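See below for the structure under consideration.
The values are calculated or read from the model by the stated rules, or taken from the named source; none is laboratory data. Owing to the predicted nature of the structure, the values given are computational and were not obtained by experimental measurement. Here Cβ is always computed from backbone atoms with ideal geometry, including for glycine, and neighbour counts include all displayed protein chains.
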Amino acid sequence: MGDYTREAGVRNLERELGKVLRKVATKLAAAKAEAPLNVDATDLREYLGRPKFFFEAADRTSVPGVATGLAVTGTGGDVLFIEATAMSTGDGHGEPGLTLTGQLGDVMKESAQIALSYVRSHSKAIGITPERLNGRFHLHVPAGAVPKDGPSAGIAMTTAIASLLTGRPVRSAVGMTGEVTLQGRVLPIGGVKQKVLAAHRAGLKEVILPKRNEGDLDDVPEQVRNEIEFHLAETVDQVLGIALQSPEAGTEPAFEESPAA
């Protein structure tokens, strides 16, 4: 049912199940089928129509510049795809700077500024050539009609920019959440349980969390904890080491996690 409902509770799940049961009852009453009638995953399209949700992390992160972040919304946890691109000022695209779109609040805008400043100031360590830092950058967070705010997308924004400028895509199985500082520290955030559940529903297999949120994993259901690998990071270089694909190995982490600064 993950293609038809992804809310934190079970209200919509009950509605979708009720819809299936009503259509089964109608089919039995019209003598178009005999009891018992089995309904499996392949029958859901017949009863519920086209899927409403898709497991799209692999497709969205297949190109450099897109990272999978985790957020908390009014209906529970959700997955956000942070997209970054760069434009050369020599092509008439304006002055160097940063454009932000996606109905971002003030705190989230500040997180984007911090992410870009960190990548620029640590470009040599990340492996970015100086000429790639020139031009105007654009950071977008779909869905554009939904207001978003908070600092917890900081590491996802930093990873998206680093991915874009190094040309190394983000590993599709990885989601992340955490606030980032100018010194590259990863600070704790809220809503860990909801965000991990959202990652699980979206089919992600690994989640990067701030080290100081380790205790919050006790609130996550054991079944979910057993199906997701958690990486606890204290610094941005640890995050990038886990999240970015290796230039040679494809989907393996690019380098070993470094000790906290």
Just checking, which of Gln183, Gln194 is assigned to a helix (DSSP H, G or I) and more than 22 Å from Thr85 (Cβ to Cβ)? Gln194
Given Val207, Val192, which one is within 19 Å of Glu222 (Cα to Cα), among the hydrophobic types (A, V, I, L, M, F, W, C) and either surrounded by fewer than 18 Cβ atoms within 10 Å (Cβ to Cβ) or more than 11 Å from the chain's Cα centre (by Cα) (or both)? Val192
Determine whether Ala156 is touching a residue at least 60 places away in the same chain (Cβ under 8 Å), in the same structural domain as Ala71 (by TED's automatic domain parsing) and small (Gly, Ala, Ser). yes
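Residue-by-condition table, conditions (1) more than 23 Å from Ala160 (Cα to Cα); (2) at pLDDT below 90; (3) more than 15 Å from the chain's Cα centre (by Cα):
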| position | (1), (2), (3) |
| --- | --- |
| Asn12 | yes, yes, yes |
| Val20 | yes, yes, yes |
| Lys23 | yes, yes, yes |
| Ala29 | yes, yes, yes |
| Ala57 | no, yes, no |
| Gly65 | no, no, no |
| Leu98 | no, no, yes |
Out of everything in segment 238-252 that is crowded, with 19+ Cβ neighbours inside 10 Å and not hydrophobic (A, V, I, L, M, F, W, C), what residue ends up being modelled with the lowest pLDDT? Gln245
Looking at segment 225-237, which of its residues are assigned to a helix (DSSP H, G or I), crowded, with 16+ Cβ neighbours inside 10 Å and more than 17 Å from the chain's Cα centre (by Cα)? Asp237
